[in-house]
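What follows is a set of notes on a single structure, which appears directly below.
The values are calculated or read from the model by the stated rules, or taken from the named source; none is laboratory data. Predicted model, so just to flag it, every value in this text is computed and none were measured. Don't worry about glycine lacking a Cβ; one is built from the backbone with ideal geometry, like all the others, and counts go over all protein chains shown. For the accessible areas, the whole protein counts, side chains as well, though only heavy atoms, and no ligand, DNA or RNA atoms are used. Shrake-Rupley method; radii C 1.70, N 1.55, O 1.52, S 1.80 Å.
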Amino acid sequence: MEPEALEICPYNPHHRVPLSRFQYHLASCRRKNPKKAKKMASCKYNACHVVPIKKLEEHEAACVNRSAVEEENSLHPLKVSLPSSEQNGNALQTFAPQQLVCESDTRESERGAHPPSLTTPQKTVRPGE
């Protein structure tokens, strides 16, 4: 079995962490080093890439994960269209969410069945009775 590659912690260069534990270590070390964490930022292409804020733009321009993310976005671009006020006559409409119902809830209500604990009174048994 080959030894796992070790990553160097951006918050403390003395920390060498296996790649499989790196995300957990980053979160822990960020909490333990709040002053240093304020000066650091995460890459938008890979959250494990934590660099000084001053070098973030440079890092993101050369990030090895950049092409993969951009390819994914070009294959499935996010399209959002908002209705204009001319289309529906009023500028804003209030959104009212509908009640979400699970399939199992629907089946139980159709049968009229409820769990026995909700419909049947339970007898309390005391020791010695």
| task | With respect to residue 27, determine if the residue is part of a helix (DSSP H, G or I) and among the aliphatic types (A, V, I, L, M). | result | yes
| field | segment 31-67, residues that are open to solvent by 90 Å² or more (accessible area, probe 1.4 Å) and under 16 Å from residue 7 (Cα atoms) | value | 64
| request: Return the total of residues in segment 35-70 being part of a helix (DSSP H, G or I), touching a helix residue (DSSP H, G or I) at 6+ places or on another chain (Cβ under 9 Å), closer than 20 Å to residue 25 by Cβ and not basic (Lys, Arg). | output: 1
| task | Say whether the condition of being under 23 Å from the mean Cα position of the chain (by Cα), at pLDDT below 95 and β-branched (Val, Ile, Thr) is met by at least one residue in segment 46-57. | result | no
| Residue, surrounded by the fewest Cβ atoms within 10 Å (Cβ to Cβ), within segment 7-18, restricted to residues that are out of contact with any helix residue (DSSP H, G or I) (no Cβ under 6 Å at 6 or more places or on another chain) and closer than 17 Å to residue 51 by Cα | 14
